Amino acid sequence: MNPSTKSAVVRSFAKVNLILDVLGTRPDGYHAIESVMQTIGLHDTISLTISEGGTIRLSCDVPSIPTDESNLAHRAASVLFESRGISPGLDIRIEKRIPAEAGLGGGSSNAAAVLRGLDRLLELRLPCEEMCALGARVGSDVPFFVVGGTAFVSGRGERVDPLPDIPPMPMVIVKPPFGVSTPWSYRRLDEMRAAGDQSEVTGERETASRRIVEYAGFRTLQSAVCSLRSLLSNDLEAPAIEQHPEIEEIKATLIASGASAALMCGSGSAVFGLFETDDRARAAADSFVAAPPCRPCLVFVTRTVTREEAVRIE
Ligand code: C5P
């Protein structure tokens, strides 16, 4: 970062949910969740430039991404400026790699990256709790991205308790050609539960969330992969797979190509597979590209990222 030009470049990492338990509906219409979220290396790059003038301008190299106030990065800047009673000019440039409607949190991550970048550029030194509170006004997943790394997330997503970092784990992400709408997913899960399709879910998954907190100090990659295999779960898989059975096929293909475990990302539609070595992850990605269960699939080889790396601004 060069302070004299008041510009910064911030990496905006994606996430996966190692566990996503949907506990039930809340009076505000959101769902109470318990989740273990994990930053991964796949990232967008955000350039921020402060200027005179009072207007927030946003541009993105992917034409389908909105560049107006509906973009969460744009909204994050507005919320921060409003809270401080300031109105500088700001140019936000987003180079996109994280696919949309994938469950990877791309928009929320961009919002948190803008908050962290502006905090640095404007020398605000906001406490993490204050940045999380601002982030929660922008979207449920934003506070997690302010904290990053491995974290236990609850409430509607706004309560974030950092966990010790898990060892960097090789990972393959597969994004099928269709997306899944998050509000639809939650609604459909409610309907499925009301119809009795998912009766046992809450009790068992609650236990899983608590258990991963105990497992969080994984010593080695092998023990982490081993423990995670039995702990990974995502309540939003059921509605997504009902709508798109290809998600189940992608999971099975990842396991058949050497993944220790595979799970849908957030509300979908992307799927991640965890691998014990980078070589195995790369080989699996190559075989996936050669024979995908549905076309066109985007395939990314990445790994989990520690908190220090997730929030570092060069
Ligand atoms: O907070 P955010 O705008 O990211 O949420 C998108 C939508 O996902 C909400 O409008 C809601 O329908 C659903 N949601 C939910 N419970 C959560 C988070 C999101 O029902 N904890």
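The values are calculated or read from the model by the stated rules, or taken from the named source; none is laboratory data. None of the values given here were measured: they were computed from a predicted structure. For neighbour counting, all protein chains shown are included, and Cβ atoms are generated from backbone atoms with ideal geometry for every residue, glycine included. Heads up: the accessible areas ignore ligands, DNA and RNA and are worked out on the full protein's heavy atoms, side chains in. Shrake-Rupley method; radii C 1.70, N 1.55, O 1.52, S 1.80 Å.
Is it the case that some residue within the stretch 82-92 is open to solvent by 60 Å² or more (accessible area, probe 1.4 Å), in contact with a Ser or Thr (Cβ under 6 Å, 6 or more places away or on another chain) and among the acidic types (Asp, Glu)? Scanning the stretch 82-92 turns up no residue that is open to solvent by 60 Å² or more (accessible area, probe 1.4 Å), in contact with a Ser or Thr (Cβ under 6 Å, 6 or more places away or on another chain) and among the acidic types (Asp, Glu).
Among the residues that make up the stretch 48-56, is at least one of them within 24 Å of VAL16 (Cα to Cα) and either open to solvent by 70 Å² or more (accessible area, probe 1.4 Å) or touching a Ser or Thr at 6+ places or on another chain (Cβ under 9 Å) (or both)? Checked the stretch 48-56: no residue is within 24 Å of VAL16 (Cα to Cα) and either open to solvent by 70 Å² or more (accessible area, probe 1.4 Å) or touching a Ser or Thr at 6+ places or on another chain (Cβ under 9 Å) (or both). Here is the figure for the stretch 62-94: residues that are part of a loop (DSSP other than H, G, I, E, B) and in contact (Cβ under 8 Å) with a residue 40 or more places away in the chain total 0. When the residues of the stretch 94-142 are filtered to those that are among the charged types (D, E, K, R) and open to solvent by less than 30 Å² (accessible area, probe 1.4 Å), the one that is farthest from the ligand (Cβ to nearest atom) is ASP119.
Condition check for VAL9 on (1) away from the ligand (no atom under 16 Å from the Cβ); (2) in a helix (DSSP H, G or I): one failure, at (2). Report yes if LEU118 is closer than 20 Å to PHE13 by Cα and assigned to a helix (DSSP H, G or I), otherwise no. Spelling it out, LEU118 is indeed closer than 20 Å to PHE13 by Cα and assigned to a helix (DSSP H, G or I). Listed by position, the helices (runs of 4 or more DSSP H) inside the stretch 223-314 whose residues that are in contact (Cβ under 8 Å) with a residue 40 or more places away in the chain and either closer than 30 Å to SER7 by Cα or among the polar types (S, T, N, Q) (or both) number at least 3 are 307-311.
In this structure, is PHE152 assigned to a helix (DSSP H, G or I), touching a strand residue (DSSP E or B) at 6+ places or on another chain (Cβ under 6 Å) and either within 15 Å of the ligand (Cβ to nearest atom) or open to solvent by 10 Å² or more (accessible area, probe 1.4 Å) (or both)? No: the conditions fail for PHE152.
For every residue, the table says whether it meets (1) modelled with pLDDT of 90 or more; (2) hydrophobic (A, V, I, L, M, F, W, C); (3) within 16 Å of the ligand (Cβ to nearest atom).
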residue: LEU163; (1), (2), (3): no, yes, no
residue: MET169; (1), (2), (3): yes, yes, no
residue: VAL172; (1), (2), (3): yes, yes, no
residue: PHE178; (1), (2), (3): yes, yes, no
residue: SER185; (1), (2), (3): yes, no, yes
residue: ASP197; (1), (2), (3): no, no, no
residue: ARG205; (1), (2), (3): no, no, yes
residue: ALA208; (1), (2), (3): no, yes, no
residue: GLU214; (1), (2), (3): no, no, no
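Hey, among the residues in the stretch 14-32 that are open to solvent by less than 10 Å² (accessible area, probe 1.4 Å) and within 12 Å of the ligand (Cβ to nearest atom), which one's nearest to LYS175 (Cα to Cα)? Filtering the stretch 14-32 for residues that are open to solvent by less than 10 Å² (accessible area, probe 1.4 Å) and within 12 Å of the ligand (Cβ to nearest atom), the one nearest to LYS175 (Cα to Cα) comes out as ASN17. Scoring ALA76 on the criteria (1) in contact with a Lys or Arg (Cβ under 6 Å, 6 or more places away or on another chain); (2) within 16 Å of the ligand (Cβ to nearest atom); (3) of a type in the set (A, V, I, L, M, F, W, C) leaves a single failure, condition (1).
Checked against the criterion of being without any contact (Cβ under 8 Å) to a residue 40 or more places away in the chain and either among the polar types (S, T, N, Q) or in a helix (DSSP H, G or I) (or both), the candidates MET131, MET192 yield just one match: MET131. Check whether at least one residue in the stretch 95-105 is within 12 Å of the chain's Cα centre (by Cα) and part of a strand (DSSP E or B), and report yes or no. No - not one qualifying residue is present in the stretch 95-105.
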